[in-house]
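Working notes, structure below.
The values are calculated or read from the model by the stated rules, or taken from the named source; none is laboratory data. Quick caveat: nothing in here was measured; it's all calculated off a predicted structure. When we count neighbours, we look across all protein chains shown, and the Cβ atoms used for this are built from the backbone with ideal geometry, even at glycine. Keep in mind that these areas ignore ligands, DNA and RNA; they rest on the heavy atoms of the full protein, side chains included. Shrake-Rupley method; radii C 1.70, N 1.55, O 1.52, S 1.80 Å.
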Amino acid sequence: FKTLDTRHLTKTRKVDRNPLFPVIGEIVRRVFQDLASEDAESEVLEHCYVESPKKTDKRTPYIDRTTSTLEVSKKEAGDFQKRIISALDTDQKPHIEVILLLGSVGVGKSTFIQRFRKVLAAKEIDADGIWLYLNFKHFSDTGLSLDQFIHQQIRESISEEYQSLGLDDWAFLKQAYHSDYERLKRGPLQPLFQMDPEKFELDFGKKVDEWSETKTEEHLIKVLSTAIKRLDKRVFLVFDNADQLSPATQNSIFLAAEKLAERIGCYALISMREESYWKNRDAGPLNAFHTTAYHVQPASFKQVLAKRFQYARNLISEGALTEEVEINVSTGQLLEVFERLVRTLLGEDESYIDFIESTAARDTRRALETIA
């Protein structure tokens with residue numbers, strides 16, 4: 001090390017960083033973001049989602065069980081969407097069902113869930129639904145038990161997404177706990193109610209607060225089932241990224257989803273890998289319940305890239321990226337540089353795409369990270 005000449009490291013830097021880097025970095029941030037993330041922007045989901053995956057994929061696992069192919073177009077999601085929209089019909093009696101989304105890792109299950117919620121069925125769900133998204137991606141890092149994690153996720157989703165419904169307001173909680181209120185009013189606390197109704201109300205409020213902490217699951221079931229009856233809403237519990245956990249934990253999540261759907265009176269949607277479905281269908285918990293399964297078909301990586309690149313072209317042409325970043329090149333020059341990247345990756349020489357697809361092992365998310 002002592003023989004190395006390091007004097008140049010102390011000199012003032014004369015050459016600036018690649019002037020294209022700020023805008024290329026912005027393209028990566030905006031265009032190559034993970035569409036499966038809860039933070040994914042609706043506009044990107046709308047422009048970059050591949051609606052028509054390739055028809056055949058010899059590497060897709062064979063499932064010797066009746067499943068429906070998830071058919072997604074630009075404006076709808078076929079039978080899956082009809083099923084959900086039908087469930088949102090407030091003129092119909094609330095329905096209980098567990099729906100499975102099957103597909104290998106990185107195939108697009110989470111991306112579909114985000115696009116369905118934010119784009120395809122956003123209007124209907126906003127009007128008549130309570131869509132509670134439970135993300136198990138970081139479950140193992142929390143140190144919480146499975147039940148604690150599920151309860152925490154439901155509570156956070158209610159407070160962040162549905163604060164306007166007032167599910168935590170005293171007037172609503174009093175409705176949710178109506179039977180308990182009447183039981184205590186006519187039973188053990190009747191003397192207090194007759195002597196001091198306001199004191200009774202105060203003491204009952206304290207009990208409800210205590211029950212919400214010590215009997216959290218019962219509390220959430222009361223709140224959500226009351227929302228269905230009193231607010232005429234339809235509840236959907238979405239269990240996503242559970243397939244990244246151990247088989248035993250996946251089984252426990254499935255059983256928890258079944259129990260909550262049954263007790264609340266709602267739909268549960270669970271993303272699952274094909275092999276988990278196959279292994280548990282005959283001997284595991286899946287054998288004990290009726291479920292509807294949809295198989296997510298993989299899109300070719302070329303289709304995915306073509307969508308992303310086209311969206312990037314549009315953003316550059318419209319000046320949407322250069323407004324936020326100062327660069328010393330024209331839009332035309334930037335487009336030409338970008339076109340060279342496109343020709344390299346999507347041109348006649350397919351060795352780059354072959355390499356990326358091979359190293360990604362059918363995981364589209366990993367392949368996009370390589371491109372980014």
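Below, the figures for the structure above:
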item	result
Residue match in region 81-101 (condition: touching a residue at least 24 places away in the same chain (Cβ under 8 Å), within 23 Å of Arg362 (Cα to Cα) and either touching a Phe, Trp or Tyr at 6+ places or on another chain (Cβ under 9 Å) or open to solvent by less than 20 Å² (accessible area, probe 1.4 Å) (or both))	yes
Region 336-358 residues that are more than 19 Å from Phe32 (Cα to Cα) and at pLDDT 90 or above, paired with ones that are part of a helix (DSSP H, G or I) and open to solvent by 90 Å² or more (accessible area, probe 1.4 Å) (beta carbon under 7 Å, 6 or more apart)	none
Filter result (open to solvent by 70 Å² or more (accessible area, probe 1.4 Å), assigned to a helix (DSSP H, G or I) and among the charged types (D, E, K, R)) within region 148-181	Arg155, Glu156, Glu160, Glu161
Within region 198-220, considering residues that are closer than 18 Å to Arg183 by Cβ and among the aliphatic types (A, V, I, L, M), the one surrounded by the fewest Cβ atoms within 10 Å (Cβ to Cβ)	Leu202
Top-ranked residue of region 230-254 - restricted to ones that are β-branched (Val, Ile, Thr) and part of a strand (DSSP E or B), ranked as farthest from the chain's Cα centre (by Cα)	Val235
For Leu184: the one exception among (1) closer than 25 Å to Ala256 by Cα; (2) surrounded by 14 or more Cβ atoms within 10 Å (Cβ to Cβ)	(1)
So Ala227, is it surrounded by fewer than 22 Cβ atoms within 10 Å (Cβ to Cβ), over 17 Å from the mean Cα position of the chain (by Cα) and not in a loop (DSSP other than H, G, I, E, B)	no
